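See below for the structure under consideration.
The values are calculated or read from the model by the stated rules, or taken from the named source; none is laboratory data. The model shown is predicted, which means the values in this text are computed figures rather than measured ones. Please note: Cβ atoms are built from the backbone with ideal geometry, for glycine as well, and neighbour counts cover all protein chains shown. Note: accessible area is taken over every heavy atom of the protein model, side chains too, but ligands, DNA and RNA are not part of it. Shrake-Rupley method; radii C 1.70, N 1.55, O 1.52, S 1.80 Å.
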Amino acid sequence: MTRFNRPGPRNLLTDVGGLRVGNAQDAVLVSGVTVVTGDASFTAGVHIMGGAPGTRETALLAPERLVQQVDAIVLAGGSAFGLDAASGVMDGLRAQGRGFQVAGQRVPIVPAAILFDLANGGAKDWGANPYPALGRAALHAAATEFALGSHGAGIGATTANFAGGLGSASWVLETGTTVGSLVAANPVGSVTVGQGRHFWAAPFEWQDEFGGLGPAPQGDYGTPPITKLAREATTLAVVATDATLTQAQLTRLAIAAHDGMARAIVPSHTQFDGDIVFALSTGAGPAAEALDMVALGHAAATCLTRAIARAIYHADPPKRMSHPAWRAPHLPLD
């Protein structure tokens, strides 16, 4: 099977050439939006495994649908209110002349998914929905470099015991194909083992990208701490590659990538999470054959595992949030 042994130059989703990521957040609201877009539209698929998803325009990503490409993907806080972030992104893309051409009009195609962060201590008493403006701001900020941790859709995220956040990682396969991942980690479950700070993702860490603590010295594999109300959750992810994949292949890639959540979050895919993975292809590289999909799926899953741990490792949440940062100075490292 094709191997991968190093990240791309940024260790970000944007190591897949032609992609850009933008964040916008409000530290008083303690919520935000993350947008994935590109130099051109891209083919996308999706797979949902959580029991409580909140989505927009995901049905059209099924392989048998008419529209095969999208202009952006939106990850947002705000529960169902956050789905309106896609409207702001659509407005911004339309102003750029982007979108699916029909009847003389350009209609930007913008699938979206949301996580629940309405009970994180932020000011949620808005008079007008703030998410369309946050969505357009995130689109405007889209670039190849972007911040991790408490930014974008990750600013108000939490886990069972630590602040959640926005994470990303990449792999370069020996064939030259690149795979990247992006995640807004806000699960019911824990990303660390037992009551400690060792990441479940430790066996997949590249060098010291999320602290270098290694696996937990004594595994506490019993019931993990659940300190969140069960309905306050969801992990949203995007995996991407420059290999040319069909929508059906991208659906399979999204399915495989969910393994990355299960390796990094315990428990994952619960009835109270809306866990979702979007998968996209820029089509810049060669078409993927059946055996290529095995390597791409494994790379996407391990990449997502690393991105989840990096999200928590880089978190620096607003002080009004109840969950501490993994790197809080008053907490021991092990």
Quiz item: Mind checking which residues of the range 15-61 are surrounded by 23 or more Cβ atoms within 10 Å (Cβ to Cβ), of a type in the set (Val, Ile, Thr) and part of a strand (DSSP E or B)?
Solution: 21, 33, 34, 35, 36, 37, 46
Exercise. Return only the number of the condition from (1) closer than 27 Å to residue 310 by Cα; (2) open to solvent by 50 Å² or more (accessible area, probe 1.4 Å) that residue 96 does not satisfy.
Key: (1)
Quiz item: Is there a residue being over 20 Å from residue 257 (Cα atoms), open to solvent by less than 10 Å² (accessible area, probe 1.4 Å), under 17 Å from the mean Cα position of the chain (by Cα) and of a type outside the set (Val, Ile, Thr) anywhere in the range 85-93?
Solution: yes
Quiz item: Filter the range 79-118 for residues that are part of a loop (DSSP other than H, G, I, E, B), among the hydrophobic types (A, V, I, L, M, F, W, C) and touching a strand residue (DSSP E or B) at 6+ places or on another chain (Cβ under 9 Å); which is nearest to residue 50 (Cα to Cα)?
Solution: 115
Exercise. Please work out which residue is surrounded by the fewest Cβ atoms within 10 Å (Cβ to Cβ), limiting yourself to the range 99-112 and to residues that are closer than 18 Å to residue 282 by Cα and over 16 Å from the mean Cα position of the chain (by Cα).
Key: 100
Practice problem: Filter the range 275-309 down to residues that are in a helix (DSSP H, G or I), open to solvent by less than 30 Å² (accessible area, probe 1.4 Å) and not aliphatic (A, V, I, L, M), then give me how many there are. | Solution: 5
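Against the condition more than 22 Å from the chain's Cα centre (by Cα) and modelled with pLDDT under 95, how does residue 227 come out, does it pass?
Answer is yes for this residue.
Here's the yes/no breakdown for (1) open to solvent by 10 Å² or more (accessible area, probe 1.4 Å); (2) β-branched (Val, Ile, Thr); (3) within 14 Å of residue 21 (Cα to Cα):
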site	(1), (2), (3)
114	yes, yes, no
124	yes, no, no
138	no, no, yes
182	no, no, yes
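Counting only residues that are crowded, with 24+ Cβ neighbours inside 10 Å and either of a type in the set (A, V, I, L, M) or over 30 Å from residue 119 (Cα atoms) (or both), how many does the range 71-80 have?
Residues flagged as crowded, with 24+ Cβ neighbours inside 10 Å and either of a type in the set (A, V, I, L, M) or over 30 Å from residue 119 (Cα atoms) (or both) within the range 71-80 amount to 6.
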